[in-house]
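Contents: one structure, followed by commentary.
The values are calculated or read from the model by the stated rules, or taken from the named source; none is laboratory data. These numbers were taken from a predicted model, which means no experiment stands behind them. Here the Cβ positions follow ideal geometry from the backbone for every residue, glycine too, while neighbour counts run over all protein chains shown. To get the accessible areas, we keep the full protein, side chains included, count just its heavy atoms, and leave off ligands, DNA and RNA. Shrake-Rupley method; radii C 1.70, N 1.55, O 1.52, S 1.80 Å.
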Amino acid sequence: MKSYLLSASLVCVLAFTSCTVPHMAVAPELQQSAVELPIEGRKFLKPNGNFQIGNYTVANVHRGWRNMGGFSIFSYNNISARQQYEFSLQDGMGSEWYVFGASRLKDKSLRSNTGVTIDVGPNMEYYASHFTSPESGQWHLLTVDPGNYLERKKFRGELSNRKTTYTIAPVYKFEGKGLPMSDVIGYEFKEGENVVGAVQVINNGKVWVSSQLNPDTRMVLASGMASLLLYEKLNESVENFEFN
């Protein structure tokens, strides 16, 4: 599922030349109101280590959960995971919280905090993350990905704290390119019909967030986007994992 990500990244690194990859196609309404948060220090081939998303720092990346406790896994029903990791997000103003992620989840169905049950199948790739904001409470992110453009309508995704839910939609196209890629190159975060943020997960990555968001909402979205950026990178080293 990540073949394009790997080939594009490796060509740039191994050729030792500049490699220009077009931006992910971003919704016109987001382009008009968004601020791009530059990503710095994100490694092509090494997932561990700090990197920046604008003023946010992704730090303390660990495989496994060292700081998780006091709540059930993601508050989703009957989940098991093949891969687990955690990291912290720091905003430069003294706020920091941990994000706990798991990919390659497997089950017959997942029930989200919003009460929606998402049926999943053996050929789906599942990802979930969890974090808590002191201001807006516990947030859960879930994506269920069929793995290719032709089945894109089966994709399901959300970021929710029960009171507010952002739907997550996959993006397959680059800006100015007519044909879509077969694999996901990024994600849009929508509040209703409005796109309030987007993240490109291939190569160095890119992040856009609406300039109209309050600080807590911006950090919430940045946490979800950081988890997706790291999830892609972590999967580079576990390409041979299989669902049972």
With T = 10 °C, eta = 1.306 mPa s and Kirkwood Rh from C-alpha pairs, the Stokes-Einstein D of region 151-218 in µm²/s is about 121
Hey, if we sort ARG66, ARG152, ARG218, ARG104 by accessible area with the 1.4 Å probe, largest down, what's the order?
-> ARG66, ARG152, ARG218, ARG104
Packing-based order for 26-38, 53-65, using average beta carbon neighbours within 10 Å, highest first = 53-65, 26-38
With each pseudo-label sitting 7 Å past Cα toward Cβ, what's the ASP216-ARG63 distance in nm, one decimal?
-> 3.6
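Find how much the distance from VAL35 to SER182 grows on full extension, using 0.36 nm per residue of separation minus their present alpha carbon separation; answer in nm with one decimal.
50.1 nm
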Compare the peptides 161-167, 86-92 by average per-residue count of other Cβ atoms within 10 angstrom and give them in order, highest first.
-> 86-92, 161-167
Considering only Cα-Cα distances, which of the following residue pairs are longer than 23 Å: LYS43/LYS154; LYS153/LYS173; LYS177/LYS206; LYS154/LYS190; LYS43/LYS177; LYS154/LYS206?
-> LYS43/LYS154; LYS43/LYS177; LYS154/LYS206
Roughly what would the spin-label model give for GLU151 and SER95, points 7 Å off Cα along C-beta, in nm?
-> 3.8
